[in-house]
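K.L.:
Please read through the structure below; I'll follow up with questions.
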Ligand code: FES
């Protein structure tokens, strides 16, 4: 029985490679699936980690995707074993799919470590599935390749394209402002999501797909090929072929997920106008593989990068057009040609560097992937803020914000939590004007367990009726990648963890200074100390047991990636001892 090729000892041989009682047991039970004996004779066993679920509509086509991965694995001389993991569907899961990102990552990690596989293909799509699978696989550090499900075709309404999520926010505000009827609003549903795939805007799913490609964990073009395009299935097939060779090359995630790769991803996030959620997810993935990423890396590497991809919610187009325009390879080439790809030598899953893969990538449409000297946003990236209101940081996405509000002082209108916001914002007597700053507390990782995407608070109806489109909003929550506005998010520490956000009162003056990277409440240090000392202890609403309690007890703050304290780090893929 051959266990090696090019001197690589197969991990799966620990299960299937012995002629004894244990080998008998491992092989015999697997043979009940009709697997012939020769498949156990030294072939790499490749896990296909599948987040398929009909409750995760963005990943509902993954059984077909997995079949194409399997064809590639078999063609290259491996044997595929598909397994399910917890599927974080953004649209259905309550209270928020972020609550279970870490749970899914544990599922992935332990499924990989405890089972006979030499490498793994990660089938990801909807927002949290990408970081969850990369986090779990990174903690194991075996060869892994990402295959994304791909974005939906363009949404369509009344003959025009509409973008996933972004259209919902826009249409809902139009209803509240009396510009369209509720009938028109509901009629948009079917055209909004008209094919398999993930949100077609540059929301969190598309952003994380681009991050996976920029990190080098997928083959080129993985991020943007539409879900229903036959080329998506070709890419799945090719990824299946490639992962088998990655076993023989011992090309583990730790060789790809280097600091250099994360710096490339941060730069790419700025160039694509990516989601603020990437700040949290990249930190969490980096933490699993031992790369120390800091919020300041987003300033140092990302800020000032021109946003060249003209996609909603920052720009005009959708992922379908992005692929036709050249996709992420076009962006990487554009960056590299202009001295803006920080680490051209970063290794990728196909064994080539990121620059070797993308240096000749064509760009077919310069309206979608714009020239560096005619960008969508000159000064893109994520703005990191610090100050007495956010000692451990906060974020704002300039490309989704209103330029006139990025330097702003205003009177705080304070909501104690999301429920308080929902009722108070509708109060016709609320003393609010467009210069006020809406402040919401207790929506951070612990306060609203999972850190819901409620940071882009809708504006007071009476201001919407006046035609006001944007106001400064501040919270410890997250925001959907499909949303927009001058919205300060991820304030850390969060109010529930004792952060100063919790002591802001109605009428306090808040100063936002994006250029200077500051977020302050204009009270004296003494007043701040007194208010923090006087502050009554608040409790998280809801259950005090089960997974939610585990989450509250162990989740780290936003600046640390919201991972669990006990999950940070790489635990490797040493084969656990057998129990029989
Ligand atoms: Fe799944 Fe947007 S809801 S990608």
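The values are calculated or read from the model by the stated rules, or taken from the named source; none is laboratory data. Please read all numbers here as calculations on a predicted model, not as lab measurements. Here Cβ is always computed from backbone atoms with ideal geometry, including for glycine, and neighbour counts include all displayed protein chains.
K.L.:
Which members of the stretch 343-360 meet the condition of being part of a loop (DSSP other than H, G, I, E, B), closer than 16 Å to residue 210 by Cα and out of contact with any strand residue (DSSP E or B) (no Cβ under 8 Å at 6 or more places or on another chain)?
P.N.:
348
K.L.:
Evaluate the following for residue 124: is it within 11 Å of the ligand (Cβ to nearest atom) and surrounded by fewer than 23 Cβ atoms within 10 Å (Cβ to Cβ)?
P.N.:
Answer is no for this residue.
K.L.:
If you check residue 506 against the conditions, is it in a helix (DSSP H, G or I) and surrounded by 12 or more Cβ atoms within 10 Å (Cβ to Cβ)?
P.N.:
Working: in a helix (DSSP H, G or I): no; surrounded by 12 or more Cβ atoms within 10 Å (Cβ to Cβ): yes.
No: the conditions fail for residue 506.
K.L.:
Looking only at helices (runs of 4 or more DSSP H) that fall completely inside the stretch 148-203, which ones have 1 or more residues that are at negative phi and within 16 Å of the ligand (Cβ to nearest atom)?
P.N.:
Numbers: elements: 166-176, 182-187, 189-192.
Here the list reads 166-176, 189-192.
K.L.:
Okay, moving on. Among the residues of the stretch 51-66, write down those that are within 16 Å of the ligand (Cβ to nearest atom) and either closer than 21 Å to residue 138 by Cα or touching a strand residue (DSSP E or B) at 6+ places or on another chain (Cβ under 9 Å) (or both). So that I can check it myself, show each step before the final result.
P.N.:
Narrowing the stretch 51-66 to residues within 16 Å of the ligand (Cβ to nearest atom): 51-62, 65.
51, 52, 53, 58, 59, 62, 65 - these are the residues of the stretch 51-66 that are within 16 Å of the ligand (Cβ to nearest atom) and either closer than 21 Å to residue 138 by Cα or touching a strand residue (DSSP E or B) at 6+ places or on another chain (Cβ under 9 Å) (or both).
K.L.:
Consider the stretch 214-231. How many of its residues are within 16 Å of the ligand (Cβ to nearest atom) and more than 24 Å from residue 284 (Cα to Cα)? Even if it seems obvious, please write down each step before you answer.
P.N.:
Residues of the stretch 214-231 within 16 Å of the ligand (Cβ to nearest atom): 222-228.
Adding the requirement that they be more than 24 Å from residue 284 (Cα to Cα) leaves 225-228.
Matching residues across the stretch 214-231 total 4.
K.L.:
Going by the conditions given, is residue 493 within 28 Å of residue 257 (Cβ to Cβ), touching a strand residue (DSSP E or B) at 6+ places or on another chain (Cβ under 7 Å) and surrounded by fewer than 23 Cβ atoms within 10 Å (Cβ to Cβ)?
P.N.:
yes
K.L.:
Just for the stretch 247-305: of the residues that are on the phi > 0 side of the Ramachandran plot and in contact with a strand residue (DSSP E or B) (Cβ under 6 Å, 6 or more places away or on another chain), which one is surrounded by the most Cβ atoms within 10 Å (Cβ to Cβ)?
P.N.:
273
K.L.:
May I ask you to list pairs of residues, at least six apart or on different chains, whose Cβ atoms are under 6 Å apart, with the first in the stretch 56-78 being without any contact (Cβ under 8 Å) to a residue 60 or more places away in the chain and the second being within 15 Å of the ligand (Cβ to nearest atom) and in a loop (DSSP other than H, G, I, E, B)?
P.N.:
Note: pairs meeting the criteria are 63/52.
K.L.:
Would you confirm whether or not the stretch 107-118 contains a residue that is in contact with a strand residue (DSSP E or B) (Cβ under 8 Å, 6 or more places away or on another chain), away from the ligand (no atom under 13 Å from the Cβ) and under 22 Å from residue 556 (Cα atoms)?
P.N.:
Yes, the conditions are met somewhere in the stretch 107-118.
K.L.:
For the stretch 210-238, which residues satisfy the criterion of being closer than 20 Å to residue 336 by Cβ and either at pLDDT below 95 or assigned to a helix (DSSP H, G or I) (or both)?
P.N.:
Once the filter is applied, which keeps residues that are closer than 20 Å to residue 336 by Cβ and either at pLDDT below 95 or assigned to a helix (DSSP H, G or I) (or both), the stretch 210-238 yields 210, 211, 212, 213, 214.
K.L.:
Could you please find all residues in the stretch 204-213 being within 11 Å of the ligand (Cβ to nearest atom) and either within 19 Å of residue 233 (Cα to Cα) or surrounded by fewer than 24 Cβ atoms within 10 Å (Cβ to Cβ) (or both)?
P.N.:
The answer is 205, 206, 209.
K.L.:
Just one of 444, 380 is within 20 Å of residue 301 (Cβ to Cβ), in contact (Cβ under 8 Å) with a residue 60 or more places away in the chain and touching a helix residue (DSSP H, G or I) at 6+ places or on another chain (Cβ under 9 Å); which is it? Steps first, answer last, please.
P.N.:
Working: 444 fails: within 20 Å of residue 301 (Cβ to Cβ).
Exactly one of 444, 380 is within 20 Å of residue 301 (Cβ to Cβ), in contact (Cβ under 8 Å) with a residue 60 or more places away in the chain and touching a helix residue (DSSP H, G or I) at 6+ places or on another chain (Cβ under 9 Å), namely 380.
K.L.:
A further question follows. Suppose the filter is surrounded by 24 or more Cβ atoms within 10 Å (Cβ to Cβ), within 19 Å of residue 48 (Cβ to Cβ) and either in contact (Cβ under 8 Å) with a residue 60 or more places away in the chain or in contact with a strand residue (DSSP E or B) (Cβ under 9 Å, 6 or more places away or on another chain) (or both); does residue 143 pass it?
P.N.:
Judged against the criteria, residue 143 is a match.
K.L.:
Does residue 285 count as over 19 Å from residue 328 (Cβ atoms) and either away from the ligand (no atom under 16 Å from the Cβ) or assigned to a helix (DSSP H, G or I) (or both)?
P.N.:
no
K.L.:
Mind listing whichever residues of the stretch 67-92 are closer than 30 Å to residue 478 by Cβ and either within 12 Å of the ligand (Cβ to nearest atom) or in contact with a strand residue (DSSP E or B) (Cβ under 8 Å, 6 or more places away or on another chain) (or both)?
P.N.:
Listed by number, the residues that qualify are 83, 84, 85, 87, 88, 89, 90, 91, 92.
K.L.:
Taking the criterion of being touching a strand residue (DSSP E or B) at 6+ places or on another chain (Cβ under 6 Å) and surrounded by 15 or more Cβ atoms within 10 Å (Cβ to Cβ), would at least one residue in the stretch 7-28 satisfy it? Break it down into steps so the answer makes sense when it comes.
P.N.:
Residues of the stretch 7-28 that are touching a strand residue (DSSP E or B) at 6+ places or on another chain (Cβ under 6 Å), as a first pass: 12.
In the following step, the residues that additionally are surrounded by 15 or more Cβ atoms within 10 Å (Cβ to Cβ) were identified as 12.
Scanning the stretch 7-28, I find at least one residue that is touching a strand residue (DSSP E or B) at 6+ places or on another chain (Cβ under 6 Å) and surrounded by 15 or more Cβ atoms within 10 Å (Cβ to Cβ), so the answer is yes.
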